[in-house]
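Participant: The structure is given below, and queries will be raised subsequently.
The values are calculated or read from the model by the stated rules, or taken from the named source; none is laboratory data. Only a predicted model underlies this, so the values are computations on that prediction, with no experimental measurement involved. Don't worry about glycine lacking a Cβ; one is built from the backbone with ideal geometry, like all the others, and counts go over all protein chains shown.
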Amino acid sequence: MALCLLFATVGHVDAQQKAANMVPIATLDQERFFNETRFGKAVLAAFQSDTDALIAENRKIEADLEAEERDLTSRRATMGAEEFQTLAAAFDRKVEDIRTARDATSQVLSKRLDEDRARFFDAARPVLIALMAERGVLAIIDKRAVLLGFDTIDLTELAIARLDETLGDGAATPPYASPTP
């Protein structure tokens, strides 16, 4: 029985090696590639820092608006209905304007993250092309698109190490230039 398992294991390893030599396709876990490189980590850290700052600002604004609303409500008894309606409507517009501005800021942060991801993959392209040439690979597909395959075709770990060696945290890469239609 143990001999059968040994031959089955050897056969599996041998099949993996043959498959790696026969198929000019490699896989890459794009999420892991981005998240685990120093470049990707720097992008994510900057995004998280900006997001945390936005959240803190939002909380401060929210507290200020709540205080202003309480003040307006407490003064309601001392003013006429028309005056209160005018002040309440102005307050509501102010809240909506602030909400719109905060949403726009959040969208700017999301867009910047998308652009930084695109910049990452643009900068990674030459590194991946070099790995393809070294391995005799004609195509790299996302690892999630593979239903069944051997681990030997996965370039993720090697690509992470190579990109870290080549680009570090990505600070020296040019900004992303979105393609013009």
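Participant: Applying the selection to region 76-102, what residues are charged (D, E, K, R) and over 13 Å from LEU65 (Cβ atoms)?
Facilitator: ARG76, GLU82, GLU83
Participant: I would also like to ask the following. Report whether or not GLY149 is closer than 24 Å to ILE25 by Cα, surrounded by 12 or more Cβ atoms within 10 Å (Cβ to Cβ), out of contact with any Ser or Thr (no Cβ under 6 Å at 6 or more places or on another chain) and not basic (Lys, Arg).
Facilitator: yes
Participant: Can I ask one more? Here are THR78, THR73, THR37, THR27: which of them is of a type in the set (Ser, Thr, Tyr), at pLDDT below 95 and closer than 30 Å to ALA145 by Cα?
Facilitator: Residue meeting the stated conditions: THR27.
Participant: From ALA133, ALA101, which residue is of a type in the set (Gly, Ala, Ser) and within 30 Å of ILE25 (Cα to Cα)?
Facilitator: Going through ALA133, ALA101 in turn, just one is of a type in the set (Gly, Ala, Ser) and within 30 Å of ILE25 (Cα to Cα): ALA133.
Participant: Let me ask something additional. Which one is modelled with the lowest pLDDT among residues in region 152-181 that are surrounded by 15 or more Cβ atoms within 10 Å (Cβ to Cβ) and among the small types (Gly, Ala, Ser)?
Facilitator: GLY170
Participant: Could you tell me which residue of region 153-173 is nearest to LEU138 (Cα to Cα), considering only residues that are small (Gly, Ala, Ser) and assigned to a helix (DSSP H, G or I)?
Facilitator: ALA159
Participant: Now for a different question. What number of residues in region 118-152 are in contact with a helix residue (DSSP H, G or I) (Cβ under 6 Å, 6 or more places away or on another chain), in a helix (DSSP H, G or I) and more than 18 Å from THR37 (Cβ to Cβ)?
Facilitator: The qualifying residues number 1.
Participant: Could I ask something else about it? Among the residues of region 45-70, which ones are in contact (Cβ under 8 Å) with a residue 24 or more places away in the chain and under 18 Å from the mean Cα position of the chain (by Cα)?
Facilitator: Matches in region 45-70: ALA46, PHE47, ASP50, THR51, LEU54.
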